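To start, the structure itself, in structure tokens.
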Amino acid sequence: MSQAAVLSGPDAVPVAAREKASFADWLAVCAGMIGSLMALMDISIVNSSLPVIQGEIGATTAEGTWVGTSYLIAEIIVIPLCAWLERMLGLRRLLVIGASVFTTFSVVCGLATNLEMMIAGRIGQGLSGGVLIPTAMTIVAVRLPPSQQAIGLAVTAMAALIGPVIGPLLGGWLTGNYSWHYAFFINVPICIGLVVLLMAALPKSRGNFSELRNADWLG
């Protein structure tokens with residue numbers, strides 16, 4: 001028996017030695033794509049409903065720009081930290097926490113009655129949603145064999161293309177037919193399904209909390 005086959009756990013054969021991904025592998029890729037799509041969609045989902053939101057939370061036009069800007073800033077801050085967070089928490093734990101926190105802050109945004117509450121919710125969304133974007137490509141790299149990674153990357157790239165496009169369309173439709181609150185509440189069922197997929201498709205992985213001690217906190 002070769003060394004490549006002498007492994008324990010759900011993936012007994014390492015990725016590089018497999019010719020085809022399993023059903024669970026593709027489920028994991030789909031989960032990563034859904035998470036990335038949701039995080040990217042929420043960048044622009046408020047664009048078309050922003051005038052309505054500003055009116056209801058009592059924000060001026062200048063103040064209302066922070067509804068989008070606060071999300072982007074938080075997302076940009078956390079994306080470079082994802083590799084460190086993954087080493088510290090493990091991939092599945094990081095994604096489950098990210099999706100759960102994203103859901104919580106989506107509800108905060110949907111219930112917001114003033115600008116401060118909305119900005120706090122959007123910052124929370126950005127910090128948690130930011131981990132869902134690069135980790136989608138991590139799943140492709142660690143779960144698919146090299147021969148199928150191009151397909152996985154194409155599936156993941158669909159989220160990057162579709163998310164920012166359908167965001168304003170979906171947000172405008174929900175605002176026009178229901179209420180702007182649903183532009184945020186729509187994340188709740190999607191996140192619940194995402195967590196179920198992540199729990200089913202990704203194996204447990206141990207974290208390494210010594211990364212907290214080794215982090216470059218001054219930097």
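The values are calculated or read from the model by the stated rules, or taken from the named source; none is laboratory data. Small disclaimer: the values here were computed from a predicted structure and weren't measured. All Cβ positions, even for glycine, are placed from backbone atoms using ideal geometry, and neighbour counts span all protein chains on display. With ligands, DNA and RNA removed, areas are computed over all heavy atoms of the protein, side chains included. Shrake-Rupley method; radii C 1.70, N 1.55, O 1.52, S 1.80 Å.
Please give the helices (runs of 4 or more DSSP H) falling wholly within the stretch 16-79 in which 3 or more residues are open to solvent by less than 60 Å² (accessible area, probe 1.4 Å) and at negative phi.
23-44, 50-57, 66-78
Search the stretch 60-78 for residues that are acidic (Asp, Glu) and pair each with any residue that is part of a helix (DSSP H, G or I) and open to solvent by less than 70 Å² (accessible area, probe 1.4 Å) when their beta-carbon atoms are under 7 Å apart and the residues are at least 6 apart or on different chains.
From the stretch 60-78, the pairs are Glu63/Leu115; Glu75/Gly126; Glu75/Gly129; Glu75/Gly130.
Kindly list the number of the only condition in (1) surrounded by fewer than 22 Cβ atoms within 10 Å (Cβ to Cβ); (2) touching a residue at least 12 places away in the same chain (Cβ under 8 Å) that fails for Trp173.
All conditions pass for Trp173, except number (2).
Check off (1) at pLDDT 90 or above; (2) more than 15 Å from the chain's Cα centre (by Cα) for Gly126 and give me the number that stays unchecked.
Among (1) at pLDDT 90 or above; (2) more than 15 Å from the chain's Cα centre (by Cα), the lone unmet condition for Gly126 is (2).
Kindly indicate which of Leu174, Leu194 is among the aliphatic types (A, V, I, L, M), under 20 Å from the mean Cα position of the chain (by Cα) and assigned to a helix (DSSP H, G or I).
Leu194
Is the stretch 152-162 home to any residue that is in a helix (DSSP H, G or I), over 17 Å from the mean Cα position of the chain (by Cα) and free of Cβ contacts under 8 Å to residues at least 60 places away in the same chain?
Yes; the residues of the stretch 152-162 include at least one that is in a helix (DSSP H, G or I), over 17 Å from the mean Cα position of the chain (by Cα) and free of Cβ contacts under 8 Å to residues at least 60 places away in the same chain.
Do we find that Pro189 is in contact with a helix residue (DSSP H, G or I) (Cβ under 9 Å, 6 or more places away or on another chain) and not polar (S, T, N, Q) in this structure?
no
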